[in-house]
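Q: Please see the structure below; I have some questions.
The values are calculated or read from the model by the stated rules, or taken from the named source; none is laboratory data. Nothing here was measured: the structure is a model prediction, and the numbers come from that model. In this analysis, Cβ positions are derived from the backbone assuming ideal geometry, glycine residues included, and neighbour counts consider all displayed protein chains. These area figures cover heavy atoms from the full protein model, side chains too; ligands, DNA and RNA do not enter into them. Shrake-Rupley method; radii C 1.70, N 1.55, O 1.52, S 1.80 Å.
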Amino acid sequence: MAAATLMRKIGSAINEAAIGSRISSGWYDPHMAAASRAVVERIPLVDFVLEVRDARVPKTSEYELMKNYPPSSKRIIILNKTDLADRSQTEAWTRFFEDHNCISYGVNSHNKENIREFLTFLQARVRELKKSGHSSHATTMMLVGIPNVGKSALANSLHQIGRISAAEKGKLKNAIVSPQPGETKNISSLKIASHPNIYVLDTPGILPPKILNIEVCSKLALTGAIRDILVGEQVVVQYLLTLINSSDKYKKWGNLSATDSLLERSTCSSLEKQKRGYPSDHTQDIIVNDVRRILFETISTFDGNLEDEKGMGNLIETQLLALHKALHVPMGFDNDSPIKVASKLLNLYRTGRLGRYTIDSLPNNT
């Protein structure tokens with residue numbers, strides 16, 4: 001299948017990067033090795049370990065260092081970025097973890113109400129710990145996980161909501177947040193609750209030195225856990241389009257396309273001004289809708305075999321050419337324009353503008 005071929009391509013590119021000189025540009029480097037040792041040393045010392053995973057890839061984003069630790073009431077699996085994942089699949093994965101004696105919780109670190117509920121959940125866990133004889137004045141929770149699963153964003157949101165709830169004064173601290181993986185270099189502490197005091201430790205994202213599974217490599221590249229520079233945006237975007245073309249989520253854009261056409265005709269002047277004013281801003285609704293419309297039209301009118309690698313390749317080539325215009329990227333004679341199209345399309349996927357996708361499937365025996 002086309003997806004399997006692209007997975008092999010991405011997996012090979014990542015494995016080459018792991019043994020080449022480019023390793024320092026974004027994967028396993030000295031700071032990650034040092035962070036691994038620091039995290040392992042702290043695991044026995046903290047009260048709770050919050051393993052943050054990406055809800056789009058609940059299995060693939062598993063934290064390698066936690067595989068040696070059995071399920072425990074002090075270990076909680078956090079499925080972050082639920083706003084980017086299929087809601088029913090997130091619920092199914094939560095049930096799966098519970099069936100395997102793992103406490104889990106789905107969260108969107110950018111939703112204040114969701115964070116309040118999550119903080120209440122954590123406080124309830126702390127109260128249970130106190131009942132069992134934990135006498136320490138403060139409770140410490142350590143956030144761990146691979147790069148770019150949103151640990152720092154989650155830490156900041158908990159800190160902000162916790163301070164507001166406790167009506168505490170003083171300057172808010174912030175953990176470094178970036179769309180690029182590997183920006184958190186040190187372990188930092190943030191207070192998230194009072195009475196009792198609860199602190200979270202935000203830790204650097206850590207990947208294993210080697211990832212031999214090509215499917216895991218591909219999914220980590222697509223979700224942004226591995227820097228695009230290691231694989232190449234043009235390869236990753238082909239994998240993205242393969243997934244979109246192979247699912248039926250594009251069908252909902254058929255109605256959206258017809259609705260948008262009527263809306264554009266009725267508000268043509270204002271939208272045209274918007275396009276002319278910020279043509280390079282691909283996050284504008286009108287440009288996003290153009291992208292969705294092109295994807296719907298190219299998939300629904302394609303008469304080839306999507307199971308065939310050549311057929312899928314032809315469709316992807318057609319889509320990328322059409323998307324140059326929608327994303328306002330002029331066709332050029334160099335490699336810059338295809339990379340720009342790929343980067344913008346990946347950004348739209350990674351921010352949820354192209355739909356909610358859960359890439360990991362539940363194990364067959366569930």
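Q: Considering only residues that are under 18 Å from the mean Cα position of the chain (by Cα) and more than 23 Å from residue 153 (Cβ to Cβ), which ones fall in the stretch 61-91?
A: First pass over the stretch 61-91, keeping only residues under 18 Å from the mean Cα position of the chain (by Cα): 61-64, 77-91.
Across the stretch 61-91, the qualifying residue is only 88.
Q: Mind listing whichever residues of the stretch 69-101 are open to solvent by 30 Å² or more (accessible area, probe 1.4 Å), within 21 Å of residue 147 (Cα to Cα) and hydroxyl-bearing (Ser, Thr, Tyr)?
A: 69
Q: If you take the residues in the stretch 35-52 that are touching a residue at least 40 places away in the same chain (Cβ under 8 Å) and assigned to a loop (DSSP other than H, G, I, E, B), which one is most open to solvent (accessible area, probe 1.4 Å)? Working first, answer last.
A: Let us first name the residues in the stretch 35-52 that are touching a residue at least 40 places away in the same chain (Cβ under 8 Å), namely 35-36, 38-39, 42-43, 45-52.
In the following step, the residues that additionally are assigned to a loop (DSSP other than H, G, I, E, B) were identified as 43, 45-47.
Details: 43: 18, 45: 136, 46: 21, 47: 23 Å².
Here the answer is 45.
Q: Moving to a separate point now. Given (1) buried (at least 18 other Cβ atoms within 10 Å of the Cβ); (2) modelled with pLDDT under 90, identify the lone condition not met by residue 331.
A: (1)
Q: Is it true that residue 328 is under 18 Å from residue 285 (Cα atoms), out of contact with any His (no Cβ under 8 Å at 6 or more places or on another chain) and not small (Gly, Ala, Ser)?
A: Working: under 18 Å from residue 285 (Cα atoms): yes; out of contact with any His (no Cβ under 8 Å at 6 or more places or on another chain): no; not small (Gly, Ala, Ser): yes.
When the stated conditions are applied, residue 328 does not pass them.
Q: Restrict the check to the stretch 102-110 and report whether at least one residue is over 21 Å from the mean Cα position of the chain (by Cα) and open to solvent by less than 70 Å² (accessible area, probe 1.4 Å).
A: Initially, the stretch 102-110 is screened for residues over 21 Å from the mean Cα position of the chain (by Cα), giving 102.
Subset that is open to solvent by less than 70 Å² (accessible area, probe 1.4 Å): 102.
Within the stretch 102-110 (the criterion being over 21 Å from the mean Cα position of the chain (by Cα) and open to solvent by less than 70 Å² (accessible area, probe 1.4 Å)), the answer is yes, since at least one residue qualifies.
Q: For the stretch 331-345, what are the residues that are in contact (Cβ under 8 Å) with a residue 12 or more places away in the chain and in contact with a His (Cβ under 8 Å, 6 or more places away or on another chain)?
A: 337, 341, 344
Q: Okay, next question. Please work out which one of (1) at pLDDT 85 or above; (2) within 29 Å of residue 37 (Cβ to Cβ) is the condition residue 247 fails and give its number.
A: Just one mismatch for residue 247, condition (2).
Q: Can you confirm whether the stretch 196-215 contains a residue that is modelled with pLDDT under 90, at positive phi, loosely packed, with under 14 Cβ neighbours inside 10 Å and not in a helix (DSSP H, G or I)?
A: No.
Q: Here is a follow-up. Out of 131, 151, which single residue is touching a strand residue (DSSP E or B) at 6+ places or on another chain (Cβ under 7 Å) and basic (Lys, Arg)?
A: On the way: 131 fails: touching a strand residue (DSSP E or B) at 6+ places or on another chain (Cβ under 7 Å).
Matching residue, one of 131, 151: 151.
Q: Sort out which residues of the stretch 153-165 are open to solvent by 40 Å² or more (accessible area, probe 1.4 Å) and modelled with pLDDT under 90, and write them in order of number. Let's see the steps before the verdict.
A: Step one: of the stretch 153-165, the residues open to solvent by 40 Å² or more (accessible area, probe 1.4 Å) are 160, 164-165.
164, 165 - these are the residues of the stretch 153-165 that are open to solvent by 40 Å² or more (accessible area, probe 1.4 Å) and modelled with pLDDT under 90.
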